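> Pasting a structure here, questions to come.
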Amino acid sequence: VGIVVDWAAYHATYEADGLVPPKDPEPVAWETMLYDDAGDRAGYATSFMYSPMMQSHIGMARVRPELAAVGSTVHVETSVNHRYVNIPARVTPLPFFTPERKVS
């Protein structure tokens, strides 16, 4: 599935620690863990990066079947100021962006 991170929560998490939120357009070289609302493992993102086109962090992920529906919420684990935090993301259909010229 595709996931799109809640940009407001992402920024607020970093800004709460006085940090500038990183926006690296290079995909991370490792899997990023995902959790459900209860804090249990939900799966992992096989790719994760900042998309300048989407103005948000996006990823492609493998999640438990009950969380694969479009609009479901998963939580992306990231490290902020040397501690692990979970930031909400929503499951979205792929492709992330379909330009008008491709569908007309």
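The values are calculated or read from the model by the stated rules, or taken from the named source; none is laboratory data. From a predicted model like this one, the values you see are computed outputs, not experimental measurements. Virtual Cβ from ideal backbone geometry, glycine too; neighbours counted across all protein chains shown. Side chains included, ligands, DNA and RNA excluded: accessible areas come from the protein's heavy atoms. Shrake-Rupley method; radii C 1.70, N 1.55, O 1.52, S 1.80 Å.
> Express the carbon and sulfur contribution to the solvent-accessible surface of the chain as a percent, rounded to the nearest whole number, probe 1.4 angstrom. If you can, show how the numbers build up before the last one.
Values: 3570 of 6440 Å².
Of all accessible area on the chain, carbon and sulfur atoms account for 55 percent.
> Shifting gears a bit: What net charge do the residues around V74 carry, taking every other residue with its C-beta under 12 Å from that of V74, with Lys and Arg at +1 and Asp and Glu at -1?
Surrounding charge for V74 is -2.
> Continuing with the same structure: Which order do peptides 39-50, 10-21 fall in by mean Cβ count within 10 Å, highest first?
Going from most to least packed, we get 39-50, 10-21.
> Which value, in debye to the nearest 20, gives the size of the charge dipole of the chain about its Cα centre, when Lys and Arg are +1 and Asp and Glu are -1 at the Cβ?
The calculated dipole for the chain is roughly 320 debye.
> Also, I was wondering about something else. Which of [x] 1.00; [y] 1.07; [z] 1.11 is the computed Cα Rg over 2.2 N^0.38 Å for the structure on display?
Derived directly from the coordinates: [y].
> How many Å² of accessible area per residue for the chain, probe 1.4 Å?
With the other protein chains kept in place, the chain gives 62 Å² per residue.
> Cβ neighbours within 10 Å, averaged per peptide: list 91-100, 55-64 in order, most packed at the top. Before the final figure, lay out the partial values.
On the way: 91-100: 11.5, 55-64: 18.5.
So the peptides 91-100, 55-64, ranked by packing, come out 55-64, 91-100.
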